[in-house]
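Participant: Questions regarding the structure given below will be posed in turn.
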Amino acid sequence: MNAIDLIILNFEEVRRRSIKIWKAIPEEMLNWKPDEGALTCAEMIRHLLQGEFLFHQVLIGRGGSVLTNLFNPFEAKEFQSVDDELEFAQPYREKFIKYIKTIHINDLENIEIDLLNEGGYIRPLGDMLLRIAYHESVHTGQLLNYMRIMGIGRPKIWD
């Protein structure tokens, strides 16, 4: 297994676990949030699916400047349900994974992604790919905490 295969496996495992958590949140609790400054469960799920689409565009364009005039298909779409969000995001997910499969192993270190204006950093492509998966993991962990606060059962994700 090479580095690209491991990166793809990581993305697949992170998403598999995220979906288990997202689908375990009762529909009537998707608009719950722990305080006024927080995202709701639905907003967090949307943030992750939309974020992956946006990160993909950033990687293709090698920086955040590509976002300036980008059409974002998620902006006009109202959140309906977890299943609907997943179905809507699936084609974008497939394109993202297909893109990762095209990356040459040397590009992981040699291509730089410039997010200096957006996030204050420039990182190698491999680093950015790991950050994208980590971003989803962090927010999915937040949703587990939301579920604890709501007093609802949390799925076992460590299988």
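The values are calculated or read from the model by the stated rules, or taken from the named source; none is laboratory data. As the structure is a computational prediction, the values presented were derived from the model and not from experiment. All Cβ positions, even for glycine, are placed from backbone atoms using ideal geometry, and neighbour counts span all protein chains on display. Note: accessible area is taken over every heavy atom of the protein model, side chains too, but ligands, DNA and RNA are not part of it. Shrake-Rupley method; radii C 1.70, N 1.55, O 1.52, S 1.80 Å.
Participant: Per-residue HN-Hα couplings for segment 93-98, Karplus 6.51 cos²θ - 1.76 cosθ + 1.60 at θ = phi - 60°, whole Hz, x for Gly and Pro?
Facilitator: Once rounded to whole Hz, the list reads 4, 4, 5, 5, 5, 4.
Participant: Moving on. Using the Cα centre of segment 41-109 as the reference point, and only Cβ charges (+1 on K/R, -1 on D/E), how large is the resulting charge dipole? Debye, rounded to the nearest 20.
Facilitator: Around 320 debye, computed over segment 41-109.
Participant: Cα-Cα over 28 Å: which of Lys33/Lys101; Lys33/Lys98; Lys33/Lys95; Lys101/Lys156; Lys23/Lys77? Mind dumping the intermediate values first?
Facilitator: On the way: Lys33/Lys101 37 Å; Lys33/Lys98 34 Å; Lys33/Lys95 31 Å; Lys101/Lys156 30 Å; Lys23/Lys77 19 Å.
Too far apart for the 28 Å limit: Lys33/Lys101; Lys33/Lys98; Lys33/Lys95; Lys101/Lys156.
Participant: So, for the chain, what is the accessible surface per residue at a probe of 1.4 Å, expressed in square angstrom?
Facilitator: Numbers: 9160 Å² over 159 residues.
The answer is 58 Å² per residue.
Participant: Using modelled backbone amide H atoms (1.01 Å from N, in-plane), which distant-in-sequence or interchain residues come within less than 5 Å of Ile113's amide H?
Facilitator: For Ile113, the qualifying residues are Arg123, Leu125.
Participant: Then there's this: Please state the equivalent ellipsoid semi-axes for segment 59-159: what are the square roots of 5 times the Cα gyration tensor eigenvalues, largest first, in whole Å?
Facilitator: Rounded to whole Å, the semi-axes are 29, 18, 15.
Participant: Quick one: grab Rg to one decimal and Dmax as a whole number for segment 1-76, Cα atoms only, in Å.
Facilitator: In order Rg, Dmax, the Cα atoms of segment 1-76 give 15.4, 45 Å.
Participant: Restricting attention to segment 64-159, which trypsin sites (Lys or Arg not before Pro) occupy a DSSP loop and are surrounded by at most 13 other Cβ atoms within 10 Å?
Facilitator: Of the trypsin sites (Lys or Arg not before Pro), the ones in loops of segment 64-159 whose Cβ has at most 13 other Cβ atoms within 10 Å are Lys156.
Participant: Please give me, ordered by residue number, the GluC sites (Glu not before Pro) of segment 56-155 that lie in loop per DSSP and have at most 13 other Cβ atoms within 10 Å.
Facilitator: The qualifying sites are Glu75, Glu78, Glu118.
Participant: A further question on this structure: Tell me the carbon and sulfur percent of the accessible area for the chain, rounded to whole percent, probe radius 1.4 Å.
Facilitator: Ligands and nucleic acids excluded, carbon and sulfur give 51 percent.
Participant: Give me the Kirkwood hydrodynamic radius of segment 72-130, using the inverse of the mean 1/r over all pairs of distinct Cα atoms, in Å to one decimal. The partial results should precede the final answer.
Facilitator: Values: mean 1/r = 0.0729 Å⁻¹.
When all Cα pairs of segment 72-130 are included, the Kirkwood radius is 13.7 Å.
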